[in-house]
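In what follows, a structure is listed as structure tokens, so that the remarks can point back to it.
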Amino acid sequence: MLAVLADLLTLGIAIAISPLAIVAVILMATAGKGRTNGTAFILGCYTFAIVFVGVLVLFGRSAGAEDPDSGPHITIDIIEIVLGAGLLFLAVLQWRGRSSHETPKWMASLDGLTVWKAFLVGIVISGPASPKDLPLLIAAGGRISQAPLPVEEIVAVILIFGAMGILAAAIPWVISIVSPSKVEVRLSGMRTWLVSNHAVIMTVLFVVLGFKLIGSGIADLAG
């Protein structure tokens with residue numbers, strides 16, 4: 001199990017480094033809603049990740065993806081290579097749009113969200129609306145599907161991987177709970193920096209992860 005988690009570490013960290021999700025939590029925290037909306041938002045991110053990856057693993061395992069010589073196993077490797085190429089394409093798009101530092105319009109409405117809507121926004125931001133996280137979650141689901149582990153360890157890997165993906169967003173959330181009176185001072189600089197450098201951060205991540213997925217897929221096929 002530890003070997004599988006080590007293999008997933010890069011993907012988990014990459015999902016965690018999500019500037020828009022971190023900024024969303026910071027905005028909720030600085031609006032005084034870190035304990036409620038911030039918590040719901042993070043739970044939404046975590047819930048989508050473990051459910052989405054869990055469903056992919058279920059399909060993969062039922063098709064026999066854990067067998068290195070099976071068709072599904074090879075298909076997953078090919079999908080991984082395609083996802084890597086897609087991330088490299090997104091890197092080009094992000095780099096071309098790096099001059100724009102505008103905050104997404106949906107962030108302006110975060111102050112008025114109910115707890116339930118904050119949970120739903122967390123679900124959307126963690127995958128369906130994320131050009132970075134969705135391919136990574138698909139790749140993680142494929143990797144876990146290929147692991148020759150018993151069911152209980154597969155479940156543990158999915159839960160731990162989901163926790164990896166919310167670590168960065170959890171930092172401002174913890175600050176808002178531990179030190180709510182100083183949250184604006186401590187997080188405002190981080191928020192400004194993340195919004196200003198969002199495109200560059202994403203470009204670097206797309207390049208690194210694109211080559212990682214392509215390399216992993218090719219190495220698995222060759223082995």
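The values are calculated or read from the model by the stated rules, or taken from the named source; none is laboratory data. All values derive from a computational prediction rather than experimental measurement. All Cβ positions, glycine included, derive from the backbone under ideal geometry; neighbour counts span all protein chains shown.
Looking at region 110-223, the helices (runs of 4 or more DSSP H) lying wholly inside it that each contain 1 or more residues that are touching a helix residue (DSSP H, G or I) at 6+ places or on another chain (Cβ under 6 Å), within 23 Å of residue 64 (Cα to Cα) and hydrophobic (A, V, I, L, M, F, W, C) sit at 133-146, 151-164, 198-222. Restricting attention to region 15-63, the residues that are assigned to a helix (DSSP H, G or I) and over 15 Å from residue 141 (Cα atoms) total 25.
The condition (being among the small types (Gly, Ala, Ser) and under 18 Å from residue 148 (Cβ atoms)) is satisfied by just one residue among 44, 38, 64, 12: 64. Filtering region 116-130 to residues that are of a type in the set (Gly, Ala, Ser) and either within 13 Å of residue 39 (Cβ to Cβ) or surrounded by 15 or more Cβ atoms within 10 Å (Cβ to Cβ) (or both) leaves 118, 122, 126, 127, 130. Among all residue pairs at least 6 apart or on different chains, which show Cβ distances below 8 Å where the first residue, located in region 151-167, is farther than 24 Å from residue 41 by Cβ and the second is modelled with pLDDT under 95 and among the basic types (Lys, Arg)? Correct list of pairs: 154/61.
Candidates 122, 210: the one that is farther than 23 Å from residue 88 by Cβ, modelled with pLDDT of 85 or more and touching a Leu at 6+ places or on another chain (Cβ under 9 Å) is 122.
Evaluating residue 61 against the criteria (1) farther than 25 Å from residue 205 by Cβ; (2) touching a His at 6+ places or on another chain (Cβ under 7 Å) leaves one unmet condition, (2). Summed over region 4-56, residues that are farther than 21 Å from residue 209 by Cα, at pLDDT 90 or above, among the β-branched types (Val, Ile, Thr) and surrounded by 22 or more Cβ atoms within 10 Å (Cβ to Cβ) total 1. Restricting region 175-195 to residues that are loosely packed, with under 15 Cβ neighbours inside 10 Å and aliphatic (A, V, I, L, M), the residue that is modelled with the lowest pLDDT is 185.
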